[in-house]
Each structure stands twice: as C-alpha cells, then as structure tokens.
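Note sheet for the following structure.
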Amino acid sequence: MRATFVYPNSRRDLLVGIEEGEEPDSTLHGALYLGEYGIDVRFHDPILTRRALPAPLDRVAWSLRELTTPYELGRTNVVVTPLAALLPLAARGRRLPVVAINFGLNLIWRRASRARRVLLRSSLRAAARVICLGESQRSELVASAGLDPTRVVTMPIPVDTEFFRPRVEPDGDVRNVLTVGKDLARDYGTFLEAVRPLPVGATIVAHPRNVEWPELSPNVALRSGLSFHELRELYAGAACVVLPQRSEDYVYGSEGGGLTALLEAMAMGRPVVASDRAILHDYVTDGVEALLVPPEDPAALRAAIERVLGDPELSRSLGSAARARVESAHTSQGFAARLAPLLRSVVDG
C-alpha cells in the first residue's frame, strides 16, 4: 500500500534537515513511521508551484494546483493533504481517496462567500476522511458544513519528542519569558502589555508583521528567521513559555493556531501560560500541563506569568506533566499508529 502526502509547501528541504538531525519531524504527521505498518510513503510537490512565478500567475498557480495534483501522482492508494478546497473533489476523477487534514478550514468557512461555501462543502464531502486537530474544531465543521460525522475524526497533532527534549534546569533565578508563532491569531499586543511592568526579559519569535507595536519596551526582544536549533535553545532557557491568542471569534489566522508552539514547549518540559481556546482542551488540562487564562486580558496573563515565575514547585510540576502528556499522546510514532489503520480503512473500504 502506498500513501502520498501533499503539502502546501515543499517538504524536500525539511526531509534533508530531519535526516541530518537539524529539524524536527513534527509537521510530517507521522509519515516517516508508517513504513512500520506496511505503508510506503511518498511526498509530492505540485508541479504548478515548484518554481517561482511572477504575479499574478503565482496566485493562479497556487489555486489551480489542487485541480491538477491528483493527475500528477503516479501509483498510489491514498492521498493525505491539508489542501482541501478542491483536491478531494478533483481526485474523484481518478477514484483516489483523499484524507484531508483540517488546518484552518473552520475559519475559511466562516469568512467564505456563499458560492465558496458550496464548493468547499462539495470538496469536503468528497474526502474519504477529514482529520480535525481537536474535538471543538470537528464538531463546528460537521455542523457548519453539513458533513457526515462518521467521516470526520479527531486526531490531535504530534510533536517530535526526540528533537524537543527537556534540558537540565538552568542555574540561578531565570527570568526569561518566551513566546513563539507567526499565526495571525497571535495576540502580541496583550503579551506586550502583560510583560511591560514585569522584571523579566521577554523574547518574541515571530514575523515582524505580527508585532504591530510602535515601540517595544526595553525588556522585550523580537527575533525572526531562527533555525530550529536556535529555537530549541530559547525554549530550553525560558522560565515560562506564553501562548497569547485572540478570542475564539477572531476570524483571521487558524482555529488550530498555536498548537505547534504549545507542543514544542511541552516537549521541552517548559511551563506554559496560554490564552484559553476550546481546541487547547484536547492538549492540556488547566492547572495540570498549563495555566489557561481568558484571551485578550493583559492583567490575567500577567498574573499567570507571575504565578509561574514566583512558584518553582508549580513551574516544575507544569513542565513535568506537560512532557509526560506529549510522551503519552502526541509523539510522531503514536500519530502514525493511529493514522495507519485509518488509511487502510479508506483504501479497503
């Protein structure tokens, strides 16, 4: 049996980086371990987007790739992809089952016109399965798009627990606070207000466009373009990792935004403070693996950060529980073990 993974962006360089130990395998969703279950895996880059094109041809190619990709694939039994706007529908021409991964489809649906919703509903109904990252995301998508609930499943995403591992606790009174992520739903305004009066050093790892702030306070540094080794060192040296996000009704970014940074911090055994969102409840329990606070509330965020920094026992407890949870529920190997029977069921069914 062969499964072909198709991503919005090429995974060619990532595969080299993983082989060399320079990058984590988290975003391959267990693909590298499916061979243990008798599934041969291939990665395919859509032909239309393999080289840079001038505007507006680049946008045309970006949209059309979902229609052409099913006909570019050689022999394969199933396609796994987050490209769900058209690809599952187009794959029907080859009678090729598609397993779609839901990265932000709910917010796309909320923003979509009536015509686009009709097309997206048809494409999602053509998918053999839709994998959602959390139960809240699944229930909303099933209800809003009118999907068969038996074909929509919840599978929380994995993290590379070998690449991201706890380090020995740094000596001294560490007062570094870290926040990571480029998703448009990040709320760095609230984060900056929360840390401004605190006697801590704060680092934001994001694209400069994420931080719309006239001037950063002296205790805040903005960094971008880091390697994964550099990012891992920042996690290791952080006394607290903060995940500030907009409220659930914010219509930009992704309803699953923040999960990658959350799992990386958890895998490193760092205490986490996060803005509460429904999808997080498939990954952490408030007060056990993380502290959850109301979104867009600087005072609540500040208080939670101070609580972690001021209570070494709480910090150790959160970090230890977080690492234990990713080891039990969010490894790449574990995701492959859950994905393999799902792929076989759509091929054999």
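The values are calculated or read from the model by the stated rules, or taken from the named source; none is laboratory data. Source: prediction; values computed, not measured. No Cβ is skipped: glycine too gets one built from the backbone with ideal geometry, and neighbour counts run over all protein chains shown. Note: areas computed on protein heavy atoms with side chains; ligands, DNA, RNA excluded. Shrake-Rupley method; radii C 1.70, N 1.55, O 1.52, S 1.80 Å.
Taken over region 108-140, the criterion of being of a type outside the set (Val, Ile, Thr), open to solvent by less than 60 Å² (accessible area, probe 1.4 Å) and within 30 Å of GLY74 (Cβ to Cβ) is satisfied by LEU120, SER122, SER123, LEU124, ALA126, ALA127, ALA128, ARG129, CYS132, LEU133.
The one condition from (1) open to solvent by less than 20 Å² (accessible area, probe 1.4 Å); (2) assigned to a loop (DSSP other than H, G, I, E, B); (3) in contact with a strand residue (DSSP E or B) (Cβ under 9 Å, 6 or more places away or on another chain); (4) over 17 Å from VAL241 (Cα atoms) that GLU255 does not meet is (3).
A count restricted to region 48-88 and to residues that are modelled with pLDDT under 90 and of a type outside the set (Ser, Thr, Tyr) stands at 14. Test of understanding: among VAL159, VAL177, which residue is of a type in the set (A, V, I, L, M), closer than 24 Å to ALA336 by Cβ and crowded, with 23+ Cβ neighbours inside 10 Å? Residue meeting the stated conditions: VAL159. Restricting attention to region 295-339, and to residues there that are among the polar types (S, T, N, Q) and part of a helix (DSSP H, G or I), which single residue is most open to solvent (accessible area, probe 1.4 Å)? So the residue we want is SER328. Residue-level check: of (1) of a type in the set (Gly, Ala, Ser); (2) buried (at least 19 other Cβ atoms within 10 Å of the Cβ); (3) under 26 Å from PRO156 (Cβ atoms), ALA239 misses just (3). Of all residues in region 2-13, those that are among the charged types (D, E, K, R) have Cβ atoms under 7 Å from Cβ atoms of residues that are part of a loop (DSSP other than H, G, I, E, B), 6 or more apart or on another chain, in ARG2/ARG75; ARG2/THR76; ARG2/ASN77; ARG12/ASP45.
Filtered by the rule that a residue be under 19 Å from the mean Cα position of the chain (by Cα), among the charged types (D, E, K, R) and more than 13 Å from ALA324 (Cα to Cα), region 281-295 gives a lone residue, ASP282. Among the residues of this structure, VAL168 does not count as one that is open to solvent by less than 80 Å² (accessible area, probe 1.4 Å), closer than 29 Å to GLN333 by Cα and not aromatic (Phe, Trp, Tyr). The set of residues in region 175-192 being of a type outside the set (D, E, K, R) and without any contact (Cβ under 8 Å) to a residue 40 or more places away in the chain consists of GLY189, LEU192.
For (1) over 30 Å from ARG270 (Cβ atoms); (2) free of Cβ contacts under 8 Å to residues at least 12 places away in the same chain; (3) under 24 Å from the mean Cα position of the chain (by Cα), each residue gets a yes or a no:
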residue: LEU64; (1), (2), (3): yes, no, no
residue: PRO70; (1), (2), (3): yes, no, no
residue: LEU83; (1), (2), (3): yes, no, yes
residue: LEU86; (1), (2), (3): yes, no, yes
residue: ALA112; (1), (2), (3): yes, yes, yes
residue: LEU119; (1), (2), (3): yes, no, no
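What do you reckon, is TYR283 of a type in the set (Phe, Trp, Tyr) and in contact with a Lys or Arg (Cβ under 9 Å, 6 or more places away or on another chain)? Here the answer is yes, as TYR283 does meet what is asked. Scanning region 218-250 for residues that are within 23 Å of GLU306 (Cβ to Cβ), in contact with a helix residue (DSSP H, G or I) (Cβ under 7 Å, 6 or more places away or on another chain) and among the hydroxyl-bearing types (Ser, Thr, Tyr) yields a single hit, TYR235. Elements of the type strands (runs of 3 or more DSSP E) sitting completely within region 1-107 and holding at least 2 residues that are open to solvent by less than 20 Å² (accessible area, probe 1.4 Å): these cover 2-6, 78-81, 98-101. Can you pull out the residues in region 1-54 that are among the small types (Gly, Ala, Ser), touching a Lys or Arg at 6+ places or on another chain (Cβ under 9 Å) and within 15 Å of ARG65 (Cβ to Cβ)? Result: SER10, single match.
For region 187-225, the set of residues classified as out of contact with any Cys (no Cβ under 9 Å at 6 or more places or on another chain), among the aliphatic types (A, V, I, L, M) and open to solvent by less than 30 Å² (accessible area, probe 1.4 Å) consists of LEU192, ALA194, VAL195, LEU198, ALA202, ILE204, VAL205, ALA206, VAL211, VAL220, listed by residue number. Among the residues making up region 176-192, those that are over 19 Å from VAL251 (Cα atoms) and in contact with a strand residue (DSSP E or B) (Cβ under 6 Å, 6 or more places away or on another chain) are ASN176, VAL177, LEU178, THR179, VAL180, PHE191.
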